Amino acid sequence: MDATPESGTATPIFDAVASLLREQSAFALATVVEGPGAGAKLLVRPEGTMGTLGDANLDRVVERDALGELAAGRSGVRNYGEHGEAREDHVRVFIESFAQPPRMLIFGAVDFTASLVRVAKVLGYRVTVCDAREVFATRQRFPLADEVVVDWPNRLLDQVGADLGQRDAVCVLTHDNKFDVPAIVSALATGVGYIGVMGSRRTHENRLVRLREAGVDDAGIARLRSPLGIDIGARTPEETAISIVAEIIALRTGRSAQALSASSGPIHD
Amino acid sequence: MREILSDLERWRRQGRRVALARVIDLEGSGPRLPGATMAVADDGEVAGSVSGGCVEGAVVVEALEVLESNDRRLVSFGYSDDEAFAVGLTCGGTIHLFIEPLDW
């Protein structure tokens, strides 16, 4: 029998890792995997570090490298000398990046939204549902969403747009030009990687006219995925959600979204 | 680690010892990227995964040994041909794992 239950053991680094994961903060965890002090850890955040790899100079060099890996969203092994020297392999350090989850903003609190929230959560997105209509944009309808915001989409984008990047997505499901057009114009002003807009072919044609009137140029139109999703014959809200996230993944990876059985070549890059 | 956080916290609350196995490096084709994590409690309960299911059984054995000896180790799994019960990845890649007790 184990006489000393582990709950009695202090695990300060793990406790910090757990709370940073819960807060969805960005950090990197460096671990010596080979060399003196294997298992030693350094938790690295832009605000500072916790723990030590056993040498102050090594800590300094690994802190710098870990912040670089974190910014790039990469995890991997790097080799150092005992005091952090480059081009030596006395110590091997695994740097694991925990980037903030990508964000998905879904505009329009409709049935398709509830399914898209579910699928986006499976993929690890931090999901915000936004609709100006108070009766539709409720927590009860979207229990899995990280936030439900009652406001005009373009006003939400004015607040958070500057933080959006390549990994993030905006999905406009409103089908109402009154909301869609300002939302799309605002989304195009951000660096967001994916802008998908729902609607039939006819809605799409009509919306294009409105967007042109609002001053959107060819480059802006070309950035839109409208109608959004890949063609898998989706009919239900759930199937449509799969079609949308499949398009987001394929756009990120630059793949063609055809069946693997119909192509050859490596499955993973 | 994000996906298995609630399991890790529950096991620790229950006073169980835990080993963590993390993919640290990958050569060739492999199903999971560096950072993929599997945790094994001292009674053999498992959370998470490090491959497509090819090597998890062997990782449990290694992880329980790590808990027994209280040391840490690097373990690699490479290509497995069709020999019965050989442990390895059928996809042709090699994965390198670091297995350690969660005592930090």
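The values are calculated or read from the model by the stated rules, or taken from the named source; none is laboratory data. Predicted, not measured: the structure shown is a model, and the values here were computed from it. Backbone-built Cβ (ideal geometry, glycine too); neighbour counts: all protein chains shown. We work out accessible area using only protein heavy atoms, side chains counted, and drop any ligands, DNA or RNA first. Shrake-Rupley method; radii C 1.70, N 1.55, O 1.52, S 1.80 Å.
Numbers at a glance
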{"quantity": "Check on B:Ser76, within 14 Å of chain A (Cβ to nearest Cβ) and at pLDDT below 90", "calculated": "no"}
{"quantity": "Filter pass, A:Pro227 being closer than 30 Å to A:Gln159 by Cβ and touching a His at 6+ places or on another chain (Cβ under 8 Å)", "calculated": "yes"}
{"quantity": "Strands (runs of 3 or more DSSP E) wholly inside segment A:72-162 containing at least 3 residues that are touching a Leu at 6+ places or on another chain (Cβ under 9 Å)", "calculated": "A:91-98, A:103-107, A:126-131"}
{"quantity": "Residue within segment A:244-265 that is closer than 27 Å to A:Arg133 by Cα and open to solvent by 30 Å² or more (accessible area, probe 1.4 Å) present", "calculated": "no"}
{"quantity": "Checklist (1) under 19 Å from A:Ala109 (Cβ atoms); (2) surrounded by fewer than 17 Cβ atoms within 10 Å (Cβ to Cβ); (3) touching a helix residue (DSSP H, G or I) at 6+ places or on another chain (Cβ under 7 Å) applied to A:Ala189, failing item", "calculated": "(1)"}
{"quantity": "Set A:Ala114, A:Ala86, A:Ala56, A:Ala71: member being more than 26 Å from B:Ser76 (Cα to Cα) and at pLDDT below 95", "calculated": "A:Ala71"}
{"quantity": "Scan of segment A:98-117 for residues that are open to solvent by 60 Å² or more (accessible area, probe 1.4 Å) and closer than 25 Å to A:Ala18 by Cβ, ordered by number", "calculated": "A:Gln100"}
{"quantity": "Set A:Gly84, A:Gly108: member being farther than 17 Å from A:Ala169 by Cβ and in contact (Cβ under 8 Å) with a residue 12 or more places away in the chain", "calculated": "A:Gly84"}
{"quantity": "Residue check, A:Asp65 over 30 Å from A:Pro237 (Cβ atoms) and either touching a residue at least 60 places away in the same chain (Cβ under 8 Å) or open to solvent by less than 70 Å² (accessible area, probe 1.4 Å) (or both)", "calculated": "yes"}
{"quantity": "Qualifying residue in segment A:205-212 (condition: of a type in the set (Lys, Arg), within 22 Å of A:Asp180 (Cα to Cα) and in contact with a Gly (Cβ under 7 Å, 6 or more places away or on another chain))", "calculated": "yes"}
{"quantity": "Pairs with Cβ under 6 Å, 6+ apart, first in segment A:199-217 and outside any helix (DSSP H, G or I), second surrounded by 13 or more Cβ atoms within 10 Å (Cβ to Cβ)", "calculated": "A:Gly199/A:His175; A:Gly199/A:Pro227; A:Ala214/A:Val181; A:Ala214/A:Val185"}
{"quantity": "Options A:Ser243, A:Ser261; residue that is without any contact (Cβ under 8 Å) to a residue 60 or more places away in the chain, farther than 28 Å from A:Arg126 by Cβ and outside any strand (DSSP E or B)", "calculated": "A:Ser261"}
{"quantity": "Matching option when the condition is assigned to a strand (DSSP E or B) and open to solvent by 30 Å² or more (accessible area, probe 1.4 Å), among A:Thr31, A:Thr49", "calculated": "A:Thr49"}
